[in-house]
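The values are calculated or read from the model by the stated rules, or taken from the named source; none is laboratory data. Values in this document were obtained by computation on a predicted structure and should not be read as measured data. We place every Cβ from the backbone using ideal geometry, glycine too, and count neighbours over all the protein chains shown. In case anyone asks, the SASA skips ligands and DNA or RNA and just uses the protein heavy atoms, side chains included. Shrake-Rupley method; radii C 1.70, N 1.55, O 1.52, S 1.80 Å.
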Amino acid sequence: MKACRTVHLVLTLLLTGTACTTGPALENRRDITAPPGDSRHLTIGSAGFTESDLLAEMYALLLERGGYSTQVVSVTGRELYEPALESGRIDVVPEYAATFADWLNAKKNGAEADPVGSPDLDTTMKALRGLVAPRGLTVLDPGRAVAQKVFAVAAPYAARHRLKTLSDLGRSGLPVRLAAGDECVQRPHCTTRLQKTYGIDITAVDPKGVGTTQAKQAVQSGRDQMVLTTATDATLDDFGLVLLADDKHLQNADYLVPVVSRSGAGNTGVRDALDRLNIVLTTSDLARMNEQVDSWRRLPEDVARNYLESKQFLVGG
């Protein structure tokens, strides 16, 4: 099928519609058992940062190869795109298993709920699938790539204070301004656990996003002392940053998983198309693609297409 994909649409109308939906609370609904839908035109959501853009573009290309027409829409924040998934205005998004499980658990049970994400993938997936089912969503199988959260500091700062681990930073007693997403204050594996597990003195969160250029520049310049990013960030050397080891294993292994709206994309055709990526995509592959976009200024759609072509996934399309 010929693609009719429009990349990075603004979701103003889509999200306005989502915000106005009414009905019983999703937490009170029983598991949705209607047959999965098979829409031939699918909307793939991106969370608006490089890695999510790349994954959304690869999903779109694989689905087009499987006979679907697609469009990619870009929107930041789970608070916006997750309800759009539930309502069927978005059909597919790339997600992170443990982070999404904890986010949905907090949405259902409150911000103080014990986290359900785990370093163990099977435990995390069981919890996640139980949380998405009542919302009309399906989580497809994870692949090999994992984007675990990591923390980095400026190399001179680490050398000056002899820092190699997060425990070292906690023992130092240094005040730390953390460059991260503004949601870091609420999420269990961010500021709260850094303080409780490692004793790090987090004085403030600078809301510049997870692993963004602005966040890394803030640490490079000394405005902030530490940045939250991911294991697939290939640009730390460009900013003179070094990782601090998570020596107490605070962070969960966040495997990449496609999340689909059951009503429009819960069929085996979508699953088969996206499962192909699981065979080949690794953490290092994703880091290299991130680098091509962030450091080499290549377009995510071009990088995604070149990767899939190199794996012979688009032959004959």
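Taking (1) more than 28 Å from ASP237 (Cβ to Cβ); (2) without any contact (Cβ under 8 Å) to a residue 60 or more places away in the chain; (3) touching a strand residue (DSSP E or B) at 6+ places or on another chain (Cβ under 7 Å); (4) not charged (D, E, K, R) in turn, ALA127 satisfies each apart from (3).
Of the helices (runs of 4 or more DSSP H) lying entirely inside the stretch 155-218, those carrying at least 3 residues that are open to solvent by 10 Å² or more (accessible area, probe 1.4 Å) and in contact (Cβ under 8 Å) with a residue 60 or more places away in the chain are 155-161. Of the residues contained in the stretch 2-14, none is found to be over 18 Å from GLY266 (Cα atoms), modelled with pLDDT of 90 or more and touching a His at 6+ places or on another chain (Cβ under 8 Å). For LEU250, the conditions (1) open to solvent by less than 50 Å² (accessible area, probe 1.4 Å); (2) out of contact with any strand residue (DSSP E or B) (no Cβ under 9 Å at 6 or more places or on another chain) all hold with the exception of (2). Per the listing GLY67, GLY48, GLY23, GLY77, the residue uniquely at pLDDT below 90, of a type in the set (Gly, Ala, Ser), open to solvent by less than 60 Å² (accessible area, probe 1.4 Å) and over 21 Å from the mean Cα position of the chain (by Cα) is GLY23. Residues that are closer than 20 Å to LYS216 by Cβ and open to solvent by less than 50 Å² (accessible area, probe 1.4 Å) within the stretch 262-292 comprise THR283, LEU286, ALA287, MET289, ASN290, GLN292, listed in sequence order. For the stretch 189-218, give me each residue that is under 16 Å from PHE49 (Cβ atoms) and of a type in the set (D, E, K, R). Residues satisfying the conditions are LYS208, LYS216.
The single residue among VAL139, VAL75 that is of a type outside the set (Gly, Ala, Ser) and touching a Ser or Thr at 6+ places or on another chain (Cβ under 9 Å) turns out to be VAL75. Checked against the criterion of being within 19 Å of GLY211 (Cβ to Cβ) and more than 19 Å from the chain's Cα centre (by Cα), the stretch 287-295 has at least one qualifying residue.
The requirement of being within 30 Å of ASP38 (Cα to Cα), crowded, with 18+ Cβ neighbours inside 10 Å and either charged (D, E, K, R) or out of contact with any His (no Cβ under 8 Å at 6 or more places or on another chain) (or both) is not satisfied by THR123.
SER295 passes every criterion in (1) open to solvent by 30 Å² or more (accessible area, probe 1.4 Å); (2) of a type in the set (S, T, N, Q); (3) within 18 Å of GLN148 (Cβ to Cβ); (4) touching a residue at least 40 places away in the same chain (Cβ under 8 Å) apart from (3).
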